[in-house]
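The values are calculated or read from the model by the stated rules, or taken from the named source; none is laboratory data. This one's a predicted model, so the numbers in the text were calculated from it and none came from an experiment. Backbone-built Cβ (ideal geometry, glycine too); neighbour counts: all protein chains shown.
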Amino acid sequence: MTVRVRAIDHVQLLMPAGAEAEAAARAFYADVLGLVEAPKPRELAGRGGLWFRSADAAIHLGVDPAFQPARRSHPALVVDSSDSARATLQAAGRRVIEDDTGLPVRRFYVEDPFGNRLELVDAADAGFTDPARRG
């Protein structure tokens, strides 16, 4: 018997502590990516950090006093249009890192304000979870 994984509920990334870091997180995750800040449960609020969500994705930012950015491991976020997302991120001053693998998926990478890597995948390509894309 095996565990049946149905979906990912949320992804947690780390961030440094402090009001300046929280402001940078809100400016990026809410203002640029368009995620909505979700209140943390009272039981967890004292730990710091922020939660963001859309209709289909959630990112929790946890505070780590010994913060080191995740430069390789990353969540992959599906976006309506990779071209539009790329233009929005570049207009916000974010450096876009193009995918150079040659895979037939429109995707690119960007770093959050703390250096955490994010992958953005075009919805038209259905990402890597579409059974038709599995090898």
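For Ala17, are the conditions met, namely being out of contact with any Asp or Glu (no Cβ under 6 Å at 6 or more places or on another chain) and part of a helix (DSSP H, G or I)? Against the criterion (out of contact with any Asp or Glu (no Cβ under 6 Å at 6 or more places or on another chain) and part of a helix (DSSP H, G or I)), Ala17 does not qualify.
Give me the residue from the stretch 69-105 that is among the hydroxyl-bearing types (Ser, Thr, Tyr) and assigned to a loop (DSSP other than H, G, I, E, B) and, out of that set, nearest to Phe128 (Cα to Cα). Full working, then the answer.
Start the filter on the stretch 69-105 by keeping residues that are among the hydroxyl-bearing types (Ser, Thr, Tyr), which leaves 73, 81-82, 84, 88, 101.
Restricting the remaining residues to those that are assigned to a loop (DSSP other than H, G, I, E, B) gives 73, 81, 101.
Numbers: Ser73: 16, Ser81: 16, Thr101: 14 Å.
Among those that are among the hydroxyl-bearing types (Ser, Thr, Tyr) and assigned to a loop (DSSP other than H, G, I, E, B), it is Thr101.
Scanning the stretch 113-135 for residues that are at pLDDT 95 or above, of a type outside the set (Phe, Trp, Tyr) and over 16 Å from Arg86 (Cβ atoms), we see that the one that is surrounded by the most Cβ atoms within 10 Å (Cβ to Cβ) is Asn116.
Limited to the stretch 66-75, what total is found for residues that are loosely packed, with under 15 Cβ neighbours inside 10 Å and under 12 Å from the mean Cα position of the chain (by Cα)? Lay out the reasoning, then the answer.
Going residue by residue through the stretch 66-75, those that are loosely packed, with under 15 Cβ neighbours inside 10 Å are 66, 68, 71-73.
From what is left, the residues that are under 12 Å from the mean Cα position of the chain (by Cα) are 73.
Selection size over the stretch 66-75: 1.
Scanning the stretch 45-65 for residues that are at pLDDT below 95 and either among the aromatic types (Phe, Trp, Tyr) or loosely packed, with under 13 Cβ neighbours inside 10 Å (or both) gives Ala45, Gly46, Arg47, Ala55, Asp56, Pro65. If you go through the stretch 54-91 and keep only what is touching an Asp or Glu at 6+ places or on another chain (Cβ under 8 Å) and within 25 Å of Pro39 (Cα to Cα), you end up with Ala58, Pro69, His74, Pro75, Ala76, Leu77, Val78, Val79.
Against the conditions (1) at pLDDT 95 or above; (2) more than 14 Å from Glu111 (Cβ to Cβ); (3) within 15 Å of the chain's Cα centre (by Cα); (4) of a type outside the set (A, V, I, L, M, F, W, C), Asp83 satisfies every one except (3).
Among the residues making up the stretch 1-44, those that are β-branched (Val, Ile, Thr) and exposed (fewer than 14 other Cβ atoms within 10 Å of the Cβ) are Thr2, Val3, Val5, Ile8, Val36.
Condition check ((1) of a type in the set (S, T, N, Q); (2) free of Cβ contacts under 8 Å to residues at least 60 places away in the same chain) across all residues:
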residue: Leu61; (1), (2): no, yes
residue: Leu77; (1), (2): no, yes
residue: Ser84; (1), (2): yes, yes
residue: Thr88; (1), (2): yes, yes
residue: Ala92; (1), (2): no, no
residue: Ile97; (1), (2): no, yes
residue: Ala124; (1), (2): no, yes
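So which residues in the stretch 88-106 are at pLDDT 95 or above and either surrounded by 14 or more Cβ atoms within 10 Å (Cβ to Cβ) or closer than 21 Å to Ala24 by Cα (or both)?
Kept after step one, since they are at pLDDT 95 or above, are these residues of the stretch 88-106: 88-98.
If the condition is that a residue be at pLDDT 95 or above and either surrounded by 14 or more Cβ atoms within 10 Å (Cβ to Cβ) or closer than 21 Å to Ala24 by Cα (or both), then Thr88, Leu89, Gln90, Ala91, Ala92, Gly93, Arg94, Arg95, Val96, Ile97 are the ones that fit.
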